[in-house]
Amino acid sequence: MGLDFQSVLGELAELKRQAVNLPSLDVLLCLDQSRLVHTLKYTARQSDLVKKVVDGIVQLALQPEFRPMEVYESGSFKRGTALCYNFDVDLVVKLRAFDFKSMTEYHRRCQEALVHTFGHVVTLRFTPTTQVLMVDFGDLHMDVVFTGDPSDNRSGNPQAAYEGAGSASVDEKIRHFKKCEPLYLPLVLLCKHWRNEQPAGCELKSYHIELLCYHLLMSKSPALDSLRLDVRVAFWQVLLELMAGNTQVDNLNPISPPHFEPSSEKDLRALQARAADTFCSYFDIADPSPLSTLLLHRAKAWNHNIVAMEMAAGIFRAFHLIEDRADHVRCETILDLFGKVWKKAWLRMAEAGCREVDREMACVVSLGNVLLDLGRE
């Protein structure tokens, strides 16, 4: 088992290294859905190898040491939404008589069991946190979460200690949605790849990306359906949501806090600026009209004007709905889009104590009125 385990980890590391030479974003945006998934998703061979590693860890180390109720593999790799070159493994160890106050002891025992079983064949590095034991198993990263049955809280544990127990519900919902919505997987993979290409400071967690795409596609309006939404347009919509600061989404984990969002205002600002930069770089309008050209140039100058970006995002949405499929867009849809984005923008300005609208913002308003007039025709 020792020699085989070492070779499995070695092959996994080699496959990851081979997968780094991927096409540029502009090339990926031109691929059809199946080709995009084939290019970015982990392979069947990688899946087989990871399963061997997980089975070995569970059967040879975790089961003998803890005799748990269950060891459950969760996370993006289990859900089939992980990239071929950047993935980790999440293991949820569900213990009987779980006591959150004993977390340090659980981590110590886990480290000792892994070192005793595999220390002679692989280099192990451990980073314990309050709830998660992070393990570098050679080149494979694992997060080991200890939890219990939330219906049997005999130790008075905080609710947050049972978040791992809710991961199975998350996985089930996302896997089901992935089967029903063919755009979901290619969109998630594309967004994760875009995230990985970003400079430091543009943090967006893998799970957050999955939630953003889930809720965007789950709430598709008839107007979006009329655009014959494809991966490129869906990615365009994700960037617009990030530009507008619409990053708070409902959490699918029933035990976690109800909303998921960037950890800080700084992270949000970095995401908005980067999304605007990508949008302006890859979504220049072919054969643009004077109106769309003006909007595009103004958006390029608004990377750090958050209120203006919110309004620009609404204008881009409405403009393309009118320009691309005017025969299928109802006036009420346009009015609703502008009503929501403008109300939010003006409230933000009022909160900031802004009493005057500068010329750039006035121009946005006038352009918006032109669009509304087009929508009424």
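The values are calculated or read from the model by the stated rules, or taken from the named source; none is laboratory data. Predicted, not measured: the structure shown is a model, and the values here were computed from it. Neighbour counts are summed over all protein chains in view; Cβ atoms, including those assigned to glycine, are modelled from backbone coordinates with ideal geometry. Ligands, DNA and RNA are excluded from the accessible area calculation, which covers all protein heavy atoms including side chains. Shrake-Rupley method; radii C 1.70, N 1.55, O 1.52, S 1.80 Å.
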Next item on the list: For residues that are part of a strand (DSSP E or B), within 22 Å of residue 94 (Cα to Cα) and not hydrophobic (A, V, I, L, M, F, W, C), tally how many sit in region 109-127.
Entry: 1
Checklist line | Residue satisfying condition, being touching a residue at least 24 places away in the same chain (Cβ under 8 Å), hydrophobic (A, V, I, L, M, F, W, C) and outside any helix (DSSP H, G or I), within set 9, 22 | finding: 22
Item checked: Tally of residues being at pLDDT 95 or above, among the hydrophobic types (A, V, I, L, M, F, W, C) and open to solvent by 40 Å² or more (accessible area, probe 1.4 Å) across region 95-112 -> 1
Next item on the list: Go through the residues of region 29-40 one by one and say whether even a single one is within 20 Å of residue 88 (Cα to Cα), open to solvent by 60 Å² or more (accessible area, probe 1.4 Å), modelled with pLDDT of 95 or more and of a type outside the set (Asp, Glu).
Entry: yes
Note to self: Name the residue that is farthest from the chain's Cα centre (by Cα), counting only residues in region 29-62 that are part of a helix (DSSP H, G or I) and among the basic types (Lys, Arg).
What the structure shows: 52
Next item on the list: Can you work out which of the residues in region 4-26 that are of a type outside the set (Asp, Glu) and open to solvent by 70 Å² or more (accessible area, probe 1.4 Å) is modelled with the lowest pLDDT?
Entry: 20
Next item on the list: List the number of the failed condition for residue 71; all other conditions in (1) in contact (Cβ under 8 Å) with a residue 12 or more places away in the chain; (2) aliphatic (A, V, I, L, M); (3) in a helix (DSSP H, G or I) hold.
Entry: (3)
Note to self: Anything in region 147-177 that is under 21 Å from residue 42 (Cα atoms) and open to solvent by 50 Å² or more (accessible area, probe 1.4 Å)? List them, or say none.
What the structure shows: 172, 173, 175, 176
Item checked: Single residue of 92, 132, 115, 144 found to be of a type in the set (A, V, I, L, M) and open to solvent by 50 Å² or more (accessible area, probe 1.4 Å) -> 115
Check: out of contact with any strand residue (DSSP E or B) (no Cβ under 9 Å at 6 or more places or on another chain), within 23 Å of residue 5 (Cβ to Cβ) and outside any strand (DSSP E or B) - does that describe any residue in region 128-142?
Finding: yes
Checklist line | Hits in region 134-147 - residues which are within 22 Å of the chain's Cα centre (by Cα) and not acidic (Asp, Glu) | finding: 134, 140, 141, 142, 144, 145
Item checked: Count of residues meeting criterion [without any contact (Cβ under 8 Å) to a residue 60 or more places away in the chain and over 30 Å from residue 34 (Cβ atoms)] in region 161-197 -> 0
Notebook entry, point to check: Is at least one residue of region 62-73 open to solvent by 10 Å² or more (accessible area, probe 1.4 Å), modelled with pLDDT of 95 or more, within 27 Å of residue 168 (Cα to Cα) and touching a Gly at 6+ places or on another chain (Cβ under 6 Å)?
Noted result: no
Margin query: List the helices (runs of 4 or more DSSP H) inside region 195-253, counting only whole elements, that have at least 3 residues being at pLDDT below 70.
Written below: 222-226
